[in-house]
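First comes the structure, then the notes that go with it.
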Amino acid sequence: MELLIVILVVLAVLLVGGFFFLRNGRSTHAPTIEPSALDSRDAELEQIDLGSGDLDADGVLVDRTVDEAAAELDVDEPMEEPEPEPATFRDRLGRARSAMAGYLGSVISRGDANAETWEELEEALVRADVGVAATMEILETVRNRAQEENIKDGAAIIELVKDEMKTRLGGQDISLAEGGDPSVWLFVGVNGVGKTTTIGKIATREVAAGKNLVLAAGDTFRAAAAEQLTMWGDRSGAHVVRGAEGGDPSSVIFDAVEHAAAAGADVVLADTAGRLHTKTNLMNELSKVRRVAEKGAGTVTETLLVIDATTGQNGLVQAREFTQAADLTGVVLTKLDGSAKGGIVVAVQNELGIPVKLVGLGEGPHDLIPFDADEFVDALFS
């Protein structure tokens, strides 16, 4: 019994001693703030140079601009978004150039020209969709010139081909004509070539140049067409005139022209429904749209055929039919950057005498650019 009491006393002493030991040990490591440290910190704060500013009654610094504060803190100002790089023919015609590269390389490596030289040049141009008729005319002219000037080197003959193509493509008026109150630019073409997107890109460019525009949603048969055009109108700052879905497109375009005249707008960009050039009734409707567009205050100064460059020679067939129905003034060639058939430019201008005025070299709003004959030919060959 006595032994048990001794053991309990020892345990009690150990527990009490351990408690005091732990408490004292923790307190020795607890952070303490000495008054002298606080006084030192206050002194440092008082020494901070606040520049020309003062503290108001609430202790808020005044008379300092945000720029001054940012400069002291070495904070970079927000950077403006850089302007997009303009599309270039050289960068975007890789596929068309590749279609010709093998034949042109063979011509150059051969040295002096022979029968195979002319066959390979013919194949290169046809592959690029210049068209058989245009190719024969170009090579015939080049062959005669090479004989007259005694030019035999393959590389020099290729330069003659380039010069001939530049001559045929150059000298065209590629400006978009104005002259009405307002002017009306009609956009026509088959389904899926990018008419509505083309209008949106042109609207973006023209509004940025200071023009007052009205967009006419004349494609009343495709459910999303009016919505798509409205989106472009909101983005560019142009007013959009819409009609009922499935309604008369001529009526919508007429209303848009009257609205533009009343508002003092410069140009009406009129969308039309895509239609197959083989459908006579639809082509007749297009003729009606053009007539009605000029019944009011407006004048149709441009009728632009939008062609998908990837369709190649089929685009030439389209151009013939649309010219008869709508009296075309120019061509907009879209998706040229994704096509190996860029030579359709030559075929259209050579056989129809209709200038290619704009080309699409990408999806961005700044990738629809005026056609440049010299840059196009140089990019096609090298």
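Taken together, the values in this text are just the output of simple stated rules run on the coordinates, not laboratory data. Remember, it's a predicted structure, so these values are computed and weren't measured experimentally. In this analysis, Cβ positions are derived from the backbone assuming ideal geometry, glycine residues included, and neighbour counts consider all displayed protein chains.
This ranking places W185, W232 by how few other beta-carbon atoms lie within 10 Å of each, fewest first, which gives W232, W185. Measuring against 25 Å, Cα to Cα, the residue pairs K195/K288; K288/K341; K162/K357; K335/K357; K211/K341 contain K288/K341; K211/K341 as the ones spanning a longer distance.
Exposure proxy shown here: for D163, D173, D219, the number of other Cβ atoms within 10 Å sets the order, fewest to most, as D173, D163, D219. For the pair segment 161-230 / segment 296-328, the C-alpha centres are spaced 11 Å from each other. Contact order normalised by length for segment 241-331, with contacts defined as Cα pairs under 8 Å and 6 or more residues apart; what percent is it? In percent, rounded to a whole number, it is 29.
Selection among L93, I108, V142 by position relative to the dipole of segment 90-169 gives L93 as farthest towards the positive end (Cβ unit charges, Cα centre).
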